[in-house]
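K.L.:
One structure, pasted below without further comment.
Taken together, the values in this text are just the output of simple stated rules run on the coordinates, not laboratory data. Owing to the predicted nature of the structure, the values given are computational and were not obtained by experimental measurement. Every residue, glycine among them, receives a Cβ derived from its backbone with ideal geometry; neighbour counts consider all protein chains shown.
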Amino acid sequence: MNNQKINSYAVTDKYSSEFPVSYTETALKKDIFAIYLATSMDIHMISNEGIASKVVGMILEKTNLVLDEREVIDILKHYKKEDSDLPITYEDICKTPLVQAMEEFYRFAYLGIQIEENIPGKYIRTEMIIKRLEMLSEWGIFSNGLLKRCRDMIDLARARDILEQTNVFSIDYQIGGDNQNEKDRTKDALTIRQMALLAGMEEMSIRAAANPNRVERLITFKGEGGRTLVSIEDAKEWLKSKKRYVIVRNGTYKNIDIQSGVFESLDQLADALQKLYMSKLQYIGDDGWEQPYEKEKVLKKLGFEFERNGNDRIIKIERKNLKNKALVGELEKIFNIKKGVLDLKVDAALKREDLARIEKELRDILNHKNEKGV
């Protein structure tokens, strides 16, 4: 397995919002890969020899796939970061519902990118897979805190779901008593653990912030059974005051892939770069307005302009910018695009524009001749 195929745009360790994101996208994809392999082992348990590889191969649309059980267990136990002999890459599994759900959880939990296609069953089933795998962690099958990271990510997504009332998880599931015995779930308030996840802090720090003697303390109340809870309104106000509130963005900013994308025009490429910039978080400042992402200063020095659209600050990337090779080189650095890739993407987009223009002229000429009966 080529490790480069797992890596994509890594999420920085800390955003301008001061909400700490120590769980990078690179680590997430490695974790998802291990989870997928572990889950595929279930097929081995209910199949005859060789059938499991055929089933997994059908799912991945690959032929002659041989998935060796010993190799899978070795990956899970040692969590190899380098090459493996397994004939599966992250690209092979990235379109499966499990992987898509995990990536959507991540974007929603840490980046505030809203889940567009709300399919509660898919997300609930994904969480149940993680819960079941947690039982294996006691046997030393997984390492490096893989399942804890995934569990915290899903719990954060669920907390943000309550905070923003987005209903990714159904209310019945959120407050269900059979949900891992989490009887502290409620539909209109947050627990101390949920507040800790949303703030990127430890639970004891949240309890300390709720001390009545603290200035600008976190307001809490006692719920059913004496539980300490925080109302949605108070939670948002406190998170904003601490600059830990993550703005929930429209899902159109998700999963922008410049390196693998095909762009039919320079305008389309510019639009993708704008969306890639917008996928980076910003934060609400003391004046209630969204504050600029830290790279905005660098982009302004390069001559790029910004404009406000609602809560968003949109960078204006124009055709003339992309025709400037020096600027394109700087954009590659800012957006973590491999050197030379964006320059080639510009050339390819321009050639596709020329080809489209030529084809249109041909159609116009041929249609004109047909009209005259030639």
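K.L.:
Hey, rough spin-label estimate for Lys131 and Ser231, points 7 angstrom out along Cα→Cβ, what's it come to in nanometres?
P.N.:
3.1 nm
K.L.:
Calculated FRET efficiency, Ala356 and Ile59, Cβ-Cβ r, R0 35 Å, to nearest 0.05?
P.N.:
Numbers: r = 37 Å, r/R0 = 1.04.
The calculated FRET efficiency here is 0.45.
K.L.:
How much FRET efficiency would the formula 1/(1 + (r/R0)^6) give for Glu116 and Lys148, where r is the Cβ-Cβ distance and R0 is 35 Å, rounded to 0.05? If you can, show how the numbers build up before the last one.
P.N.:
On the way: r = 28 Å, r/R0 = 0.80.
Rounded to the nearest 0.05, the efficiency is 0.80.
K.L.:
Which residues' amide hydrogens lie under 5 Å from the amide hydrogen of Ile314, considering only partners 5 or more residues apart or on another chain, with H built in the peptide plane?
P.N.:
Glu307, Arg308, Asn309
K.L.:
Using a 10 Å cut-off on Cβ atoms, rank the peptides 202-214, 329-341, 355-367 from the highest mean neighbour count down.
P.N.:
Numbers: 202-214: 13.0, 329-341: 14.8, 355-367: 10.2.
The packing order, highest mean first, is 329-341, 202-214, 355-367.
K.L.:
Something else: Label-point separation (nm) for Thr39 and Ile124, each offset 7 Å from Cα along Cα-to-Cβ?
P.N.:
Those two pseudo-labels are separated by 1.7 nm.
K.L.:
Once label points are set 7 Å from the Cα along Cα→Cβ at both Lys301 and Arg193, what is their separation, rounded to one decimal in nm?
P.N.:
Here the modelled spin labels are 4.5 nm apart.
K.L.:
Among Lys30/Lys275; Lys131/Lys243; Lys30/Lys54; Lys30/Lys323, which pairs are too far apart, with a Cα-Cα distance over 27 Å? It would help to have the intermediate numbers written out before the result.
P.N.:
On the way: Lys30/Lys275 25 Å; Lys131/Lys243 32 Å; Lys30/Lys54 24 Å; Lys30/Lys323 36 Å.
Beyond 27 Å between Cα atoms: Lys131/Lys243; Lys30/Lys323.
K.L.:
For Ile113, list long-range residues whose amide hydrogen, built 1.01 Å from N in the peptide plane, is under 5 Å from its own amide hydrogen.
P.N.:
HN-HN under 5 Å from Ile113: Phe108, Arg249.
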